[in-house]
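Heads up: the structure comes next, in structure tokens.
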Amino acid sequence: MPREVILDTQGRAIEQTLRLNNLAAQSCRVGRFVELTLDGSSDVSKQQADKIAKFVLHNPLLETYELIALGEVMK
Amino acid sequence: MTPASARLGVVRFPGSNCDRDVLSLAQVAGYQADFLWHLDHFNIQDYQALVLPGGFSYGDYLRAGALSARSPVMNSVRDFAKRGGPVLGICNGFQVLTEAGLLPGALVKNSSLRFRDGWVDLVPENKSSFWASQHSQWKVGGQLKLPIAHGEGRFYSPPDLLRQIEDSGQVWFRYADNPNGSLANIAGVLNETGNVAGLMPHPERALWDWMGSEDGRGFLR
């Protein structure tokens, strides 16, 4: 998610559209959902996902992130 | 080394679009210039200076400059910079250098939410050890006129880092009239040693009077 101090332009645009359509919300913030399929046990996968997030997916100045395990994928 | 025998590399990513203009900038300054491809490493001893040009590398996917910053060529760029080699990032090249951690801060969407295209006046702040260091307008009260063309050029940094950038003399240029909401009117920054520099305006688009300004010429000595 974009950090609170960062101007979330997509969130602002959606807020405006909601307001124009009488669906006003207090606020709207738009982040990004990245789905990774990884090999290995859940611990190994989580470590790998964290490594990938730190390497490229996440800019700590601008964003926060969290990892969510989505469960086993069928082989 | 005289510029006539000096070699300058222009790093090309998929989506770079100011690469040829930067080649002209280098040639006008008397450099022998060639392109470096994003998938390749290069021998850092073959070059005296590197430029990362503007454009929309990787279509600005993920974050502007984020994917280019992790390209193989950046390993060589990093080695070159670490040994004191001069590296300049212009516009998207500046975004790549911040994403690569070679320059402090980040560039985010303009506060107007619009792409801004036009001329700006820049106030020189602290000198780079190489880039624009001999510029004729680099004097107290001097200003440079250069064009901008960007949607994500608003310089951002958390307060602690901003203080550090200011205190250690890493602000390179400020806008006389802030076009994008950049913190502290910052248009360009330097690394701690002054050999790596980045700015949002385009010196390569201001080489001859008919272009509107010649102030881009002095960026290479």
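In straight-distance terms, cross-link reach from A:Lys51 covers every one of the lysines whose alpha-carbon lies under 25 Å from its own, apart from those fewer than eight places away in the same chain; here that gives A:Lys75, B:Lys82. Which of rounded, prolate or oblate describes the protein assembly as shown when judged by the alpha-carbon gyration tensor and an a/c cut-off of 1.5? Oblate shape, in that a/c is at least 1.5 and b/c is the bigger or equal ratio.
Note on segment B:1-46 and segment B:129-150: Cα centroid distance 21 Å, given to the nearest whole angstrom.
All C-alpha pair distances within chain B, sorted into 5 Å bins from zero, spread as 1, 8, 16, 22, 22, 18, 10, 3, 0 percent across the bins. Placing a label point 7 Å from the Cα of B:Met211 along the Cα-to-Cβ line, the residues of segment B:13-28 whose backbone N sits under 17 Å from it are B:17-28. Computed from the C-beta positions of B:Ser136 and B:Arg70, the FRET efficiency with R₀ = 30 Å rounds to 0.20. The helix-only estimate of mean residue ellipticity at 222 nm for the protein assembly as shown, built from DSSP H runs of length n ≥ 4 each weighted as -39500 (n - 2.57), is -6000 deg cm²/dmol after division by the residue total.
Of the peptides A:41-51, B:198-208, the ranking by mean beta-carbon count within 10 Å, highest at the top, reads B:198-208, A:41-51.
Modelled spin labels at A:Ala24 and B:Asn17, positioned 7 Å past Cα toward Cβ, are 3.9 nm from each other.
Label-to-label distance for B:Tyr61 and B:Gln45 is 3.7 nm, based on points extended 7 Å past Cα in the beta-carbon direction. Label zone (A:Phe55, point 7 Å along Cα-to-C-beta; backbone nitrogen cut-off 15 Å) within segment B:66-99: B:67-75. Inter-chain Cβ neighbour count for B:108-117, averaged per residue, equals 2 (cutoff 10 Å, partner chain atoms only). Highest mean packing comes first when the peptides B:174-185, A:53-64 are listed by Cβ atoms within 10 Å, giving B:174-185, A:53-64.
Over all other residues within a Cβ to Cβ distance under 12 Å of B:Leu207, the charged ones net out to -3, with Lys and Arg as +1 and Asp and Glu as -1. The shape of chain A can be summarised by an equivalent ellipsoid whose semi-axes, obtained from the alpha carbon gyration tensor, come to 32, 16, 8 Å from longest to shortest. What the Cβ-Cβ distance of B:Val28 and B:Asp117 gives, at R0 = 30 Å and to the nearest 0.05, is a FRET efficiency of 0.80. For a straight C-alpha distance cut-off of 12 angstrom, the aspartates and glutamates reachable from B:Lys139 (same-chain residues fewer than eight places away being disregarded) are B:Glu125.
Taking 26 Å as the straight-line reach from the Cα of B:Lys145, the lysines in range (excluding those fewer than 8 positions away in the same chain) are B:Lys109, B:Lys127.
Give me the net charge for the shell around B:Ser129: Cβ to Cβ below 15 angstrom, other residues only, Lys and Arg +1, Asp and Glu -1. Within the 15 Å Cβ shell, the charges total +2. Taking a ≥ b ≥ c as the square roots of the Cα gyration tensor eigenvalues, with a/c under 1.5 meaning rounded and otherwise prolate when a/b beats b/c, else oblate, which class fits segment A:34-75? Verdict is prolate for segment A:34-75.
Each value in this text was obtained by applying a stated rule to the coordinates, not by laboratory testing. Just so you know, these numbers come straight off a predicted model, no measurement behind them. Methodologically, a virtual Cβ is constructed for each residue, glycine included, from the backbone with ideal geometry; neighbour enumeration extends over all protein chains shown.
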